[in-house]
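A short reminder: the numbers here are calculations on the coordinates, not readings from a lab. Model, not experiment: these values are computed from the prediction. No Cβ is skipped: glycine too gets one built from the backbone with ideal geometry, and neighbour counts run over all protein chains shown.
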Amino acid sequence: MSGSKGIFFSIDAMFAILLLLAAAFAIPSFLATEKPVADLHHQAQDFIASLSELKVYETNNTYVKLLISQGKITNQNNTILQQIGEFWAAGQMQYAANLTKAFSNNLLPSNQGFGLYINSQKIYEKTLSDLSTIASAPKLFSGIMANRSSTGFIGRAIIKSAKKNTNVIVKGDVVSSSVRKPSAANNGNMVNVTYFANLPTNATIVDAYWFIESSWTDNHFKAWVNNEFIPGSPASGSKLLTDLKTYFHSGRNIATALFWFGSGGYEGGDDGASHIVVNYTTNQLNTLDLNTTKKYLYDVISECSVMYKKPIFVVGNLSSFNISLHVIAPKVTLGYIVDGVFKNISTKNVVSNKVGWTDAEIKAVMNANGVQYSQLSNKYMWFTFELDTYHNRELVGAQRRIYSDSYVDVKTDFNLAFEYSYVDITAIIKPYTYSVLDTGQFYRNVEWRYWAPNASVPLLIDSQIAWKYVTSTNPNQKVRVNQYTLYSHPPQPLIPELARFGYGGNYTKINATNRYTLNFTSGYSVNPFNSLVSYTFLIKGAVPYGTTFDTKQQAIADAMKRLNLSLGLYFKEAIIGNETYSVGGVPYMWGPAIVEARIWQ
Amino acid sequence: MRKSHSSKNGQVYYIEFMITLVVMIIALVIFIRTFVNVNESAGYDDLSIQADSISTQLMSEGLPANWTKSNVEKIGITNSQSRIQESKLLNFANMSYQTTRQKLNTNYNYYVFLENSTGSRILIAGKQGVGLMGNQSKTVVKVTRFPIYKSDIVRMIVYVWE
């Protein structure tokens, strides 16, 4: 008997060995690491989309079944999101919270926080104390209130989808790396810069183009979008690649440009004027990410030292900078440029491909150089990253790389909370006039004009400037908006690389034509055709039910008229939905309201 | 007699324990080595992009919108409103792995599966998931999405590796 037991135990041990071996080899293969921002953003969007699609009658959720059995849910044709909204509109917050919890708690991992908000009011929150990454997805929605009725014909109108003019604009940073030996010859280096363009998941692309301008005018380059080669791209100096619609898709897009030696120019890379513009339609009306504090770098690969200059537009009052780099390089030197003046911060060795600078380290150097954070509000400044000791002419060596999860975290007091039914628009502004030709298409005086619609909220003017500076000259530089002078050299310092300029909405006049002008004297000029100026603002995208009319047609006409007055010119291609309700037993409508899901970890 | 019997059993347990302990230590070492290497691979960025792209494409309706195995250009398994369509899911599951990689526009390996809110695996065409399973790659990127499948919101988990 005891001998049999011994045999069984040995078999048990063998099973244990096999199981553990299987675990040792199988489990690590699925140890996964996640890209937090993109993944969380998708999850927030998915959550809203699925709650907007799933109907009450079809779900097996036990809490929904309970509410139906208790008579708390009367319209089983509601979507889950509409039902949450109906509870919210009726003031039954506990049911709204519990229903949200019933669909979110088990679905999301325990290490993720989640919140649902309607018109910024908290419906439900699962909080975590240590927050590092947050993503949100807003949506406009509405519904029918149970047990309420109105009289007459009332109408409302709401923008359903809109052609958002060049809503996704990817602006290149200044990247350079040697492509020439210390002698006159090609060193064989290829400078690879990869950009990212994030579109809403339900975007329909209307048009796309990509302007590439290399560091030196003789650089050769090629381009790919989502790993597809752009046949028109082999070029030198600069090129506008058009009709790229079919290369882009909804979601995250990658665009890669490869720069190499031309006919003697020292460095390959992006001179900071390159940009990708994707024009698309979507029914996701709030797509702005001004609240995102982390400004990510693009992916750069080179076999020489790299100089990367990252422009930062500080929206609001600055409270801190923190920098985290993921790189392949033995050391990195950090510097900054404010009003054209460069200052070194420090050089650090890279440990396990990581290097960073705290706010205290950055602030101490800036303050010592007479730069206060309060001077940086609502304007551009630059951080410079030098991978290895930078030489503009050198032989190729080990690979240096900046990964795209490197970032500058810019904390300010700015918090854009979308008010009820406001929609964000980013519009391209074309040059209005240009004069005093320098050379080629470079002019010394350029003016852009834009109209700020009535009932809009101006947020930001952002310009990426194709500039030309004759070294060793001292030209005057003046930037003006309407009657305001925002920059003037002299007395302010000369900005040799005026690749970016931006300003907040407070200089923009509502319901008026605004003028943004650049004026230079000999030695400085800009190419207005290769520059990119955009205007970002909020506009009200809905009008509520109005006066009671005798007929449905009158109610619709009134609602459309009121909405068109609000929308102005920017939404002439918008699809506008309208709804009317008549007397007697017609339920009271709630909304439209903005529901927002936020996920963090 | 009773004491002798117990003593013999005790020796068997001890040997069994030692074998298990050694194996556990080996397994733990392999586990930690693999885990530590996950974030150090140079392919992390590319994998993230691919995982993001594959999951986004799967959450689309595909091309053409009502695609079949014979005319599919791009694989998507939903109705574009987050709802998984059974026919597309089955077609996806029954296509060859190489074909699905081509139609998902990726050269990387992937594995996709569905699970409900309690974490139970949802079988797809009788299988635990779609794609390649049991890889030995050190860098694996995971993306989680929330589509509707049949009557509830589920987790769609996508693993991508070189």
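Listed values, structure above:
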{"item": "Zone residues, region B:42-73, relative to B:LEU90, backbone N less than 14 Å from point 7 Å out along Cα-to-Cβ", "result": "B:68-69"}
{"item": "Only Lys, Arg (+1) and Asp, Glu (-1) charged, at Cβ; region B:42-161 dipole about Cα centre in debye", "result": "240 debye"}
{"item": "Relative contact order (%) - criterion: Cα under 8 Å, at least six apart; region: region B:42-161", "result": "27 percent"}
{"item": "Against the rule of thumb 2.2 N^0.38 Å, how large the Cα Rg of region A:295-415 comes out", "result": "1.06"}
{"item": "Packing-based ranking, highest mean first, of B:48-61, A:243-256, A:104-117 given that Cβ atoms within 10 Å are counted", "result": "B:48-61, A:243-256, A:104-117"}
{"item": "For A:GLU213, B:GLU115, A:GLU125, order by how many other beta-carbon atoms lie within 10 Å, fewest first", "result": "A:GLU125, B:GLU115, A:GLU213"}
{"item": "FRET efficiency for B:ASN66 and B:LEU132, using Cβ-Cβ distance with R0 set to 22 Å, rounded to 0.05", "result": "0.20"}
{"item": "Two-decimal Rg/Rh across region A:422-539, once Rg and the Kirkwood Rh are taken from alpha-carbon atoms", "result": "0.99"}
{"item": "Value of Rg to Rh for region B:42-161 (Rh from inverse mean 1/r over Cα pairs, i.e. Kirkwood)", "result": "0.94"}
{"item": "Neighbouring partner chain Cβ atoms per residue of A:47-54, average, 10 Å criterion", "result": "6"}
{"item": "Net charge, A:LEU116 excluded, C-beta distance under 15 Å - Lys, Arg +1, Asp, Glu -1", "result": "+1"}
{"item": "Cut-off 14 Å (backbone N to label point 7 Å along Cα→Cβ of B:GLN81), residues of region A:50-89", "result": "A:50-58, A:77-82"}
{"item": "Efficiency of FRET between A:ARG393 and A:SER488 - r from beta-carbon atoms, R0 56 angstrom, step 0.05", "result": "0.95"}
{"item": "Karplus-derived HN-Hα couplings along region A:246-258 (A = 6.51, B = -1.76, C = 1.60, θ = phi - 60°), whole Hz, x at Gly and Pro", "result": "6, 7, 9, 9, 5, x, 8, 10, 10, 10, 10, 10, 10"}
{"item": "5 angstrom amide H check on A:ALA203, placed H, neighbours 5+ away", "result": "A:GLY251"}
{"item": "Relative contact order of region A:422-539, pairs being alpha-carbon contacts under 8 Å that are 6 or more residues apart, as %", "result": "46 percent"}
